[in-house]
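Trainee: Questions regarding the structure given below will be posed in turn.
The values are calculated or read from the model by the stated rules, or taken from the named source; none is laboratory data. Please read all numbers here as calculations on a predicted model, not as lab measurements. Glycine gets a Cβ as well: all are built from the backbone with ideal geometry, and neighbour counts include every protein chain shown. Heavy atoms of the whole protein, side chains included, go into the accessibility calculation; ligands, DNA and RNA do not. Shrake-Rupley method; radii C 1.70, N 1.55, O 1.52, S 1.80 Å.
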Amino acid sequence: MNFTLGKKERLKSKKLIERLYKEGKSIKAFPFRMVYLQTKHTSDFPAQVGVSVAKRNFGKAPDRNRLKRLMRETYRLQKGIVYENLHLPYIFMISYIGKEEKPYEELFSKMNKLLNLFIERVKTAENETL
């Protein structure tokens, strides 16, 4: 497995992001919230991901950028959890909903929890449709 997070793996399409927030489902593992949607996308990868940090909670751009960088890094190192378990293409946006920055180790474990929750939800949804 390649532990990179290239351009094709990132969610950039405004139309897809708009549709994601309109039709998507949500899960939380504080301080993260994930909105996800099963849909076709332009990439060959099983998932496209975006990250966001609210300006309301972190007024200074360097603080927001640091958190986004940490979120991408924790996802990048654990994306195997998602890739090994997805059979259909998904898009998702991970938002930081906390009010203050947490240490990297905590972010790493919470990202793990969030991704496992996501996989559980996807598997139960797939089982219900079968």
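Trainee: To test your reading of the geometry: what angle, between 0 and 90 degrees and rounded to tens, separates the Cα axis of helix 104-129 from the longest principal axis of the chain?
Mentor: Once rounded, the angle reads 20 degrees.
Trainee: Right, something else. Among 27, 81, what's the order by accessible area (1.4 angstrom probe), most exposed first?
Mentor: Details: 27 5, 81 40 Å².
Solvent-accessible surface, decreasing: 81, 27.
Trainee: What nm distance separates the two modelled labels at residue 116 and residue 44, each placed 7 Å from Cα along Cα→Cβ?
Mentor: Result: 3.2 nm between the two label points.
Trainee: For the chain, what class follows from the C-alpha gyration tensor (a ≥ b ≥ c being the square roots of its eigenvalues): rounded when a/c is under 1.5, otherwise prolate if a/b is larger than b/c, else oblate? Present the calculation step by step, with values, prior to reporting the outcome.
Mentor: Values: a/c = 1.55, a/b = 1.46, b/c = 1.07.
Prolate is the answer for the chain, as a/c is 1.5 or above and a/b outweighs b/c.
Trainee: Label point 7 Å out from residue 129 along Cα-to-Cβ: which residues of the range 14-48 have amide N under 19 Å?
Mentor: Once the point is set 7 Å along Cα→Cβ of residue 129, 16-17, 19-27, 35-48 turn out to lie under 19 Å by backbone N, inside the range 14-48.
Trainee: Would you mind telling me the antiparallel percentage of the DSSP bridges in the chain, rounded to 5? Intermediate values should be presented prior to the final figure.
Mentor: Values: 12 of 20 bridges.
The answer is about 60 percent antiparallel.
Trainee: Hey, rough spin-label estimate for residue 60 and residue 22, points 7 angstrom out along Cα→Cβ, what's it come to in nanometres?
Mentor: 3.9
Trainee: Sticking with this structure for a sec: Give me the extension gain from residue 83 to residue 97: residue separation times 0.36 nm, minus the current Cα-Cα distance, reported in nm with one decimal. Mind showing how you got there, number by number?
Mentor: Values: separation 14, 0.36 × 14 = 5.04 nm, distance 2.47 nm.
Extra length available between residue 83 and residue 97 comes to 2.6 nm.
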